[in-house]
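S.K.: This structure is in structure tokens; I'll ask about it shortly.
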Amino acid sequence: MPRKVTIVESIHSANDQLAGENSRRLRKAGLFSVNMMASPGAGKTSLIEKTLARLTPHYSIAAIDGDVATSIDADRAAEAGAIAVQINTGGQCHIDAHMLRNALDELDLPEFDILLVENVGNLICPASFKLGTDRNVLIASIPEGDDKPYKYPAMYQDVDALLINKIDLLPYIDFDMDYFLQGVKMLNPGLVSFPVSCKTGEGIDAWIDWLEDQIKGSKTT
Amino acid sequence: MHELAITEQIAEIAIRHGEQHQAQKITDLYLVIGELSTVVDDSVQFYWDLITRDTICEGAELHFKRVPAIFRCQECGKEYRLADGELQPCPFCQSSRMEIVQGKEFHLDSIIVE
Ligand SMILES: Nc1nc2c(ncn2[C@@H]2O[C@H](COP(=O)(O)OP(=O)(O)OP(=O)(O)O)[C@@H](O)[C@H]2O)c(=O)[nH]1
Ligand SMILES: [Mg+2]
Ligand SMILES: [Zn+2]
């Protein structure tokens, strides 16, 4: 006899559970962790390099870089002063909580203060796979165009901060900042955003200040 | 290529619940997917047939219920949808203060077992 079984379980429940484990493990080890998401080439690795240059004098930092193949980005992070682990996703368009867990196994976690995770360059998939990081950050960039919040709403909904990179290119590209920010506001009202240029260094101070505030805040709670 | 990962997750949930209910076989799965949640295309059915071979899910049919995104304007209170798949300010009063009423769903609602 056919019977109906009601389930109503999130399709991401297994991943969410592992993300919860990652989160507890990272906190117990005293790490503050950030997941950086963006489309390919938006400047994730460049921003990690800038962030490392500013923070490695004061903090011990690990970087985990997710890519479909190669270790170019982990090499860049290591060059910039992090202890870096590369995740090759073997074709997957995102890092999931399980991959992050395996990468964490390769690090002596209590040694570090901060973990920076570079997700795979993709504007759709990483949004639905939580990792268990303390903050999720999205990096948009000027050459991508001002319509991205309208076309990729899922990505903008649940992030904690938005960087708008490559503002040095604003004079050369038709990018309507008001239109862009209106879309962002619709999806994520009150989202803190930082216009930056990894090339000129403009705006990086504000991002670093915010990040350090978040780190200090997490220590007191 | 996240359809494979998603398909595996669907199978894991279905098999776990099927076994809890002493199912010999799962014949149908009812999935609810909000327009804002994620992109899932027909390749799910393809992966499904591959990865459920020799499980209680073999041959089961996947039914997708797509839930459109609905926004409620915080200014005038009216509800509206995406325009051609794209976000838009309130078409009635142009306000961009809105809340998402539905469209973020992504779950396995129920299964039919034998
Ligand atoms: N003009 C300009 N170029 C930038 C800026 N930031 C990054 N770039 C350039 O953009 C390109 C991509 O930067 P990456 O940091 O490698 O981008 P990514 O997001 O890590 O790329 P993937 O990991 O391949 O997805 C490089 O050529 C950078 O030099 C910026 O602020 N201004
Ligand atoms: Mg990179
Ligand atoms: Zn309105």
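S.K.: Rounded to the nearest 500 deg cm²/dmol, what is the calculated helix-only ellipticity per residue at 222 nm for the protein assembly as shown, with -39500 (n - 2.57) per DSSP H run of length n ≥ 4? Working shown, then result.
M.R.: On the way: 10 runs with 109 residues, N = 335.
Value at 222 nm, helices only, nearest 500: -10000 deg cm²/dmol.
S.K.: Moving to a separate point now. Hey, can you find the accessible area per residue of the range A:2-219 for me, probe 1.4 Å, expressed in square angstrom? It would help to have the intermediate numbers written out before the result.
M.R.: Numbers: 8900 Å² over 218 residues.
Here the per-residue accessible area is 41 Å².
S.K.: Here is a further query. If you take the accessible area of A alone, add that of B alone, and subtract the area of the pair, what total do you get in Å², probe 1.4 Å, to the nearest 100? Provide the component values of the computation, followed by the final result.
M.R.: Numbers: alone 10970 and 7250 Å², together 15030 Å².
Interface area, both chains combined: 3200 Å², rounded to the nearest 100.
S.K.: I want to verify a result. In a Gaussian network model of chain A, Cα cutoff 10 Å, which of these has the top mean-square fluctuation: A:GLY66, A:GLY90, A:GLY20?
M.R.: Per the Cα network of chain A with a 10 Å cutoff, A:GLY90 tops the list.
S.K.: Tell me, what % of the accessible area of the range A:131-221 is carbon and sulfur with a 1.4 angstrom probe? Provide the component values of the computation, followed by the final result.
M.R.: On the way: 1940 of 4000 Å².
Carbon-and-sulfur percentage of accessible area, whole number: 49.
S.K.: Another question, then. Sorted from largest down, give the three principal axis spans of the alpha carbons of chain B, whole angstrom values.
M.R.: 55, 28, 16
S.K.: Now, a different point. Under a 5 Å amide H to amide H cut-off, with H placed in plane at 1.01 Å, what residues pair with A:ASN165 once short-range neighbours are removed?
M.R.: Amide H to amide H, under 5 Å and 5 or more residues apart or across chains, A:ASN165 pairs with A:ALA140, A:SER141, A:ILE142, A:VAL196.
S.K.: Let me ask something else. If you take the beta carbon distance between B:ASP109 and A:ASP176 as r and set R0 to 35 Å, what does 1/(1 + (r/R0)^6) give as a FRET efficiency, to the nearest 0.05?
M.R.: Details: r = 41 Å, r/R0 = 1.16.
It comes out at approximately 0.30.
S.K.: Can you work out the FRET efficiency for the pair B:HIS63 and A:ALA69, with r the C-beta to C-beta distance and R0 = 51 Å, to the nearest 0.05?
M.R.: Values: r = 36 Å, r/R0 = 0.71.
E(calc), rounded to 0.05, equals 0.90.
S.K.: How high is the relative contact order of chain B, given as a whole-number percent (alpha carbon pairs under 8 Å, six or more residues apart)?
M.R.: 37 percent.
S.K.: At a 1.4 Å probe, what is the % contribution of carbon and sulfur to the accessible area of chain B?
M.R.: Carbon-and-sulfur percentage of accessible area, whole number: 47.
S.K.: Turning to a different aspect of this structure: Return the inverse of the average 1/r over all pairs of distinct C-alpha atoms in the range A:2-219, which is the Kirkwood hydrodynamic radius, in Å to one decimal.
M.R.: Values: mean 1/r = 0.0562 Å⁻¹.
Computed over Cα pairs of the range A:2-219, the Kirkwood hydrodynamic radius comes out at 17.8 Å.
S.K.: Let a ≥ b ≥ c be the square roots of the eigenvalues of the Cα gyration tensor of the range A:84-165; is it rounded (a/c under 1.5), or, if not, prolate (a/b larger than b/c) or oblate? Each step should come with its number before you reach the end.
M.R.: Numbers: a/c = 2.22, a/b = 1.76, b/c = 1.26.
Prolate.
S.K.: So what is the relative contact order for chain A, in percent, with contacts set as C-alpha pairs under 8 Å and at least six apart? Can you show the working numbers first?
M.R.: Working: 406 pairs, mean separation 51.1, N = 221.
Reported as a whole number, the value is 23 percent.
S.K.: With charges set only on the Cβ (+1 for Lys and Arg, -1 for Asp and Glu), what does the dipole of chain B come to about its Cα centre, in debye to the nearest 20?
M.R.: With only Lys, Arg, Asp and Glu charged at Cβ, the dipole is about 520 debye.
S.K.: Select from A:LEU52, A:THR89, A:ILE7 the residue farthest towards the positive end of the dipole of the range A:1-104; place +1 on Cβ of Lys and Arg, -1 on Cβ of Asp and Glu, and compute about the Cα centre.
M.R.: The Cα lying farthest towards the positive end belongs to A:ILE7.
S.K.: In the protein assembly as shown, what % of DSSP beta bridges are antiparallel (nearest 5)?
M.R.: Values: 20 of 57 bridges.
Beta bridges within the protein assembly as shown, antiparallel portion: roughly 35 percent.
S.K.: Set Lys and Arg Cβ to +1 and Asp and Glu Cβ to -1, take the dipole of the range B:23-114 about its Cα centre, and tell me which of B:LEU62, B:CYS73, B:PHE46 lies farthest positive.
M.R.: The Cα lying farthest towards the positive end belongs to B:CYS73.
S.K.: What's the magnitude of the charge dipole for the protein assembly as shown around its Cα centre, counting Lys and Arg as +1 and Asp and Glu as -1 at the beta-carbon? Answer in Debye, nearest 20.
M.R.: With only Lys, Arg, Asp and Glu charged at Cβ, the dipole is about 800 debye.
S.K.: Now for a different question. With a 1.4 Å probe and every protein chain left in place, tell me how much accessible area A:PHE194 has, in Å² to the nearest 10.
M.R.: Approximately 20 Å² for this residue.
S.K.: Checking buried surface per residue: for the range A:173-190, which residues lose a minimum of 50 Å² accessible area in the protein assembly relative to the chain alone (1.4 Å probe)?
M.R.: A:MET186
S.K.: With a sphere of radius 14 Å drawn around the Cβ of A:PRO149, what net charge do the other residues whose Cβ falls strictly inside it have (Lys, Arg +1; Asp, Glu -1)? Let's see the in-between values first.
M.R.: Working: positive: A:LYS148, A:LYS151, A:LYS185; negative: A:GLU144, A:ASP146, A:ASP147, A:ASP158, A:ASP176, A:ASP178, B:GLU86.
Net of charged neighbours comes to -4.
S.K.: Another one. For the range B:60-97 and the range A:89-148, what is the separation of their C-alpha centers, rounded to whole Å?
M.R.: The distance from the Cα centre of the range B:60-97 to that of the range A:89-148 comes to 28 Å.
The values are calculated or read from the model by the stated rules, or taken from the named source; none is laboratory data. Treat the numbers as computed from the prediction; the structure is a model and nothing was measured. As a convention, Cβ positions derive from the backbone with ideal geometry for all residues, glycine included, and neighbour counts pool all protein chains shown. Heads up: the accessible areas ignore ligands, DNA and RNA and are worked out on the full protein's heavy atoms, side chains in. Shrake-Rupley method; radii C 1.70, N 1.55, O 1.52, S 1.80 Å.
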